[in-house]
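Comments concern the structure below.
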Amino acid sequence: MKVLVPVKRVIDYNVKIRVNSEKSAVETNNVKMSMNPFDEIAVEEAVRLKEAGLVDEIIIVSIGNKGVQETIRTAFAMGGDRGIHIFNENNTEPLVVAKILKDIVINEKTDLVIMGKQAIDDDANQTGQMLAALLDWPQGTFASKIELNNKELNIIREIDGGLETLNIKLPCIITTDLRLNEPRYASLPNIMKAKKKEIIEILIADTGIDFKNRLEVLKVEEPPVRVGGRKVENVDELINVLKNEVGVI
Amino acid sequence: MSVLVIAESNSKEVDRGTLSTITAAQKISDNISLLVLEDVEEVLQNCKNIKGVTKVISAKGELEGGLAENLAPVIIEAIKDATHILSSAGTFGKNIMPRVAALKDSQQISDVCEIIDQDTFVRPIYAGNALATIKSLDKVKFLTVRATAFQAAETHGGSADIIEGPIAKTNRLSTFVKRDLSESDRPELTAAKIVVSGGRGIGSADNFALLDTLADKLGAAVGASRAAVDAGYVPNDYQVGQTGKVVAPELYIAVGISGAIQHLAGMKDSKVIVAINKDEDAPIFQIADFGLVGDLFQVIPELSEKL
């Protein structure tokens, strides 16, 4: 069985982001970029399935500028087998991403897609569900545990208030939550091997999909900064300010 | 303009997020239909009374487990001439809404925190470290709404008609097995007026009992930082932060939490923030309204006792 893992290149989660001077976007020039953390978890899960003998090949796909090839190679170093790079200089919206992935799934005849539940840049949390809709496949979103048996999958999902267990049939889409696994660090030999793995590059204009954005970003701003107040000396003073000064208890 | 709000309910009433979503919907149109995806009379009667709702649509059929595969066709059938489809941005809405939006070929807008006009919305990006103002060019718009950004609609004073809605059919692709919800008499984290949260400084699962005592005194919900969840002190649904829940209570008490950006993203809109930490340089003090430097194992019992 082949598994497809889409990965997104985003600003590294440790970087404090800055809005650009035109207030049109978050500055990405000269900023450290990394694989979206939820996508790393997706790659890790796919590699574990392959190590368990349940998956034969892991295809990594990423959409974006030239830089995303580095992200695809990071996924290779973790255990991805080959890559597809859909070249788009501009931002690609989730619905367009889902349409592109749908065509790849059909062309590659994959039965399983594992992907991050959301990217930490636009925080949309949409693409997996949209892809499931377009393929008319079941979806197992926000997975914290999956068990693959034959042609079906048991999944534990993180939901508000607790956990939920579903049983879904393959082919299906899984989106990963934080606690699904802890991604490995790539070893040096695997990083070296990753350089030789194949990446096919396709221009977004050649996919035949209408990739025009539906959302117009009018402006991007930093939120109002919360300013700290003061220190209190002891419990009595704390109770006093909460009761009498701000009246919240 | 007309709005279809997808309700999330618990066999009794809709959740706080749905009530906030109804308030958000009122900023778009006065014509608001509420689609209820549970065939429970009590839920329907409660929905009918919610102020601002003009019509309650009662779905029937295979609704158990709230499976996205079964519910998406129901929502699509209920859309009719609605121009805006809204749900709360909890895990329920996040799971279902994009599936529906994609089938209607619309680019959803997630986590809306402000409605400027019928086409223009503000939403947080980068875990709330930036706010984007976005104009949608789609004819039918799909929005999930950040519950903490809108007041809850009043649960009384409305008199909506209840009409029969679409019938959900089962699919053979997915099956609901079970739901394990954390049992608690305390208020739900995202709806609580006061939240007491613990971080790695709490030190163990057993020590979290200190916070339970304090929370019970205050009628508060208990939350946690990602560090405390990852350390196994409390279940994942306690997590407040970028990858957990977003809360904005009247009072947020952060205990033994250093104040990582990821945590602040989930609580910085709280009205009053109190930080209790033994490290006086902890970043949490930079945003807290009131800080108390001290050993939580002395401070928390004392606080519980004196309240």
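For the structure I just gave you, tell me whether residue B:110 is small (Gly, Ala, Ser), in a strand (DSSP E or B) and within 12 Å of chain A (Cβ to nearest Cβ). Give the derivation first.
On the way: small (Gly, Ala, Ser): yes; in a strand (DSSP E or B): yes; within 12 Å of chain A (Cβ to nearest Cβ): yes.
It is true that residue B:110 is small (Gly, Ala, Ser), in a strand (DSSP E or B) and within 12 Å of chain A (Cβ to nearest Cβ).
Does any residue of the stretch A:203-226 turn out to be facing chain B (nearest Cβ under 8 Å) and over 22 Å from residue B:122 (Cβ atoms)?
No: zero hits.
Is there a residue in the stretch B:136-147 that is outside any loop (DSSP other than H, G, I, E, B) and surrounded by fewer than 16 Cβ atoms within 10 Å (Cβ to Cβ)? Don't jump to the end; show me each part of the working.
Restricting attention to the stretch B:136-147, the residues satisfying the condition of being outside any loop (DSSP other than H, G, I, E, B) are B:136, B:141-145, B:147.
Adding the requirement that they be surrounded by fewer than 16 Cβ atoms within 10 Å (Cβ to Cβ) leaves none.
Among the residues of the stretch B:136-147, not one is outside any loop (DSSP other than H, G, I, E, B) and surrounded by fewer than 16 Cβ atoms within 10 Å (Cβ to Cβ), which makes the answer no.
Residue B:248 is checked against (1) part of a loop (DSSP other than H, G, I, E, B); (2) more than 26 Å from residue A:239 (Cα to Cα); (3) of a type in the set (A, V, I, L, M, F, W, C) and fails just one. What number does that condition carry?
Residue B:248 satisfies all of (1) part of a loop (DSSP other than H, G, I, E, B); (2) more than 26 Å from residue A:239 (Cα to Cα); (3) of a type in the set (A, V, I, L, M, F, W, C) except (2).
Kindly indicate whether residue B:86 is in a strand (DSSP E or B), among the aliphatic types (A, V, I, L, M) and more than 10 Å from every other protein chain (Cβ to nearest Cβ). So that I can check it myself, show each step before the final result.
On the way: in a strand (DSSP E or B): yes; among the aliphatic types (A, V, I, L, M): yes; more than 10 Å from every other protein chain (Cβ to nearest Cβ): yes.
It is true that residue B:86 is in a strand (DSSP E or B), among the aliphatic types (A, V, I, L, M) and more than 10 Å from every other protein chain (Cβ to nearest Cβ).
Filter the stretch A:69-100 for residues that are under 21 Å from residue A:3 (Cα atoms) and either part of a loop (DSSP other than H, G, I, E, B) or without any contact (Cβ under 8 Å) to a residue 60 or more places away in the chain (or both) and give the result.
A:79, A:80, A:81, A:94, A:98
Take the residues in the stretch B:154-180 that are out of contact with any strand residue (DSSP E or B) (no Cβ under 7 Å at 6 or more places or on another chain) and over 30 Å from residue A:151 (Cβ atoms), then tell me which one is nearest to the other protein chains (Cβ to nearest Cβ). Working first, answer last.
Start the filter on the stretch B:154-180 by keeping residues that are out of contact with any strand residue (DSSP E or B) (no Cβ under 7 Å at 6 or more places or on another chain), which leaves B:154-159, B:170-172.
Filter once more, keeping what is over 30 Å from residue A:151 (Cβ atoms): B:154-159.
On the way: B:154: 22, B:155: 20, B:156: 25, B:157: 27, B:158: 25, B:159: 30 Å.
The qualifying residue nearest to the other protein chains (Cβ to nearest Cβ) is B:155.
Testing residue B:151 on (1) of a type outside the set (Phe, Trp, Tyr); (2) away from chain A (no Cβ under 14 Å); (3) in contact with a Lys or Arg (Cβ under 9 Å, 6 or more places away or on another chain), one condition comes back false. Which one is that?
(3)
Residues in the stretch B:230-250: is at least one under 24 Å from residue B:111 (Cβ atoms), within 9 Å of chain A (Cβ to nearest Cβ), of a type in the set (A, V, I, L, M, F, W, C) and surrounded by fewer than 24 Cβ atoms within 10 Å (Cβ to Cβ)?
The answer is no, given that none of the residues of the stretch B:230-250 is under 24 Å from residue B:111 (Cβ atoms), within 9 Å of chain A (Cβ to nearest Cβ), of a type in the set (A, V, I, L, M, F, W, C) and surrounded by fewer than 24 Cβ atoms within 10 Å (Cβ to Cβ).
If residue A:113 satisfies every condition in (1) within 14 Å of the chain's Cα centre (by Cα); (2) without any contact (Cβ under 8 Å) to a residue 40 or more places away in the chain but one, which is the exception?
(2)
Just the residues that are surrounded by 13 or more Cβ atoms within 10 Å (Cβ to Cβ) and assigned to a loop (DSSP other than H, G, I, E, B), please, taken from the stretch A:235-249.
Those that are surrounded by 13 or more Cβ atoms within 10 Å (Cβ to Cβ) and assigned to a loop (DSSP other than H, G, I, E, B): A:246, A:248, A:249.
Collect the residues in the stretch A:172-230 that are part of a helix (DSSP H, G or I) and surrounded by fewer than 12 Cβ atoms within 10 Å (Cβ to Cβ), keeping them in residue-number order.
Pass one, the stretch A:172-230, residues part of a helix (DSSP H, G or I): A:178-180, A:188-194, A:204-207.
Across the stretch A:172-230, the qualifying residues are A:188, A:189, A:192, A:205, A:206.
For residue A:186, are the conditions met, namely being in contact with a helix residue (DSSP H, G or I) (Cβ under 7 Å, 6 or more places away or on another chain), under 30 Å from residue B:226 (Cα atoms), small (Gly, Ala, Ser) and in contact (Cβ under 8 Å) with a residue 12 or more places away in the chain? Full working, then the answer.
Details: in contact with a helix residue (DSSP H, G or I) (Cβ under 7 Å, 6 or more places away or on another chain): yes; under 30 Å from residue B:226 (Cα atoms): yes; small (Gly, Ala, Ser): yes; in contact (Cβ under 8 Å) with a residue 12 or more places away in the chain: yes.
Spelling it out, residue A:186 is indeed in contact with a helix residue (DSSP H, G or I) (Cβ under 7 Å, 6 or more places away or on another chain), under 30 Å from residue B:226 (Cα atoms), small (Gly, Ala, Ser) and in contact (Cβ under 8 Å) with a residue 12 or more places away in the chain.
Considering only residues that are touching an Asp or Glu at 6+ places or on another chain (Cβ under 7 Å) and more than 10 Å from every other protein chain (Cβ to nearest Cβ), which ones fall in the stretch B:259-294?
B:278 - this is the single residue of the stretch B:259-294 that is touching an Asp or Glu at 6+ places or on another chain (Cβ under 7 Å) and more than 10 Å from every other protein chain (Cβ to nearest Cβ).
The numbers here are math on the coordinates, done by the rules we state, and not lab data. Bear in mind that the values here come from a model prediction, so they are computed numbers and not experimental data. Every residue, glycine as well, gets a Cβ built from its backbone with ideal geometry; the counts of neighbours run over all protein chains shown.
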